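J.: Below is a structure I'd like to ask you about.
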Amino acid sequence: MAKRDTPKTSAAKSPVNSPLAMPAAATGASWPDKPSPQAETNAADPPAQDAAAPALEKVPLPPARIATAELPKLEFGIALAGASSMEVARLQWAAVKANFGPLLAGLEPRALSESRSAATHYRLVAGPLPTYTAAEQLCAHMIAAHATCQPVKFTGAPL
C-alpha cells in the first residue's frame with residue numbers, strides 16, 4: 001500500500017492564525033497570568049528609582065518630646081477673697097495667713113484685677129500649685145474651716 005501524503009491542517013502548526021499565539025503587543029492585551037516586571041523583584045529589595053527621578057534624602061525626624069521651655073507652664077492657685085483695692089487685698093492676705101498659715105506655707109499672694117460696672121475690683125489669689133487637683137484639695141480644707149475658696153488659674157499682680 002502506498003502512503004498517501006495529505007496535508008495536515010492543524011491549529012497547532014499554524015500559530016499565526018491563532019489569537020492565543022499572538023504576542024501581547026499585537027493584540028493590545030497583557031498576559032493575565034504573567035507577573036509584571038516589578039512584581040518579580042524581591043520584596044526585601046528597596047524599590048528601584050528612575051534615573052530621572054530625584055533621590056529622596058533621609059531627613060531626621062524631630063524629637064518626640066517638646067522642650068518645656070517652649071510651652072508656658074500652667075500654674076493653678078486658689079481665689080480666697082474679693083477686695084475693692086490693692087491695700088484691702090493686702091490686709092485680707094494678712095488675715096487669711098494668720099488663720100490658715102500652715103495650709104498656705106510656700107504660697108505667694110497675688111491680686112487679680114477685674115472690671116465690673118465701671119469699677120475695678122480685685123480678687124486675692126494664692127499660689128502657685130502644681131495641679132488643679134492640688135488646688136481643689138487645698139480648697140476642700142479651707143471650705144471645711146468655713147473659708148471662701150475656689151481653684152483658679154494663678155495670675156495677677158504680686159502683692
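J.: In percent, how large is the relative contact order of segment 66-158, given Cα pairs closer than 8 Å and 6 or more residues apart?
T.: 42 percent
J.: So, by mean Cβ neighbours within 10 angstrom, what's the order for 138-146, 126-134 with the highest one leading?
T.: So the order, starting with the most tightly packed, is 126-134, 138-146.
J.: Per 0.36 nm of contour for each residue apart, how much would the distance between residue 91 and residue 157 grow if the chain were fully extended, relative to their Cα-Cα spacing?
T.: Extra length available between residue 91 and residue 157 comes to 22.2 nm.
J.: Can you order the peptides 102-108, 73-79 by their average number of other Cβ atoms within 10 Å per residue, highest first?
T.: Order by mean packing, descending: 73-79, 102-108.
J.: Right, something else. Quick one: if you stick a label point 7 Å off each Cα along the C-beta vector at residue 144 and residue 113, how many nm between them?
T.: Output for this residue pair reads 3.8 nm.
J.: Same structure again: Give the calculated FRET efficiency between residue 84 and residue 134 to the nearest 0.05, with a Förster radius of 22 Å applied to their Cβ-Cβ distance.
T.: With a Förster radius of 22 Å, E is 0.15.
Values in this text are rule-based calculations from the coordinates and carry no lab data. Just so you know, these numbers come straight off a predicted model, no measurement behind them. Virtual Cβ from ideal backbone geometry, glycine too; neighbours counted across all protein chains shown.
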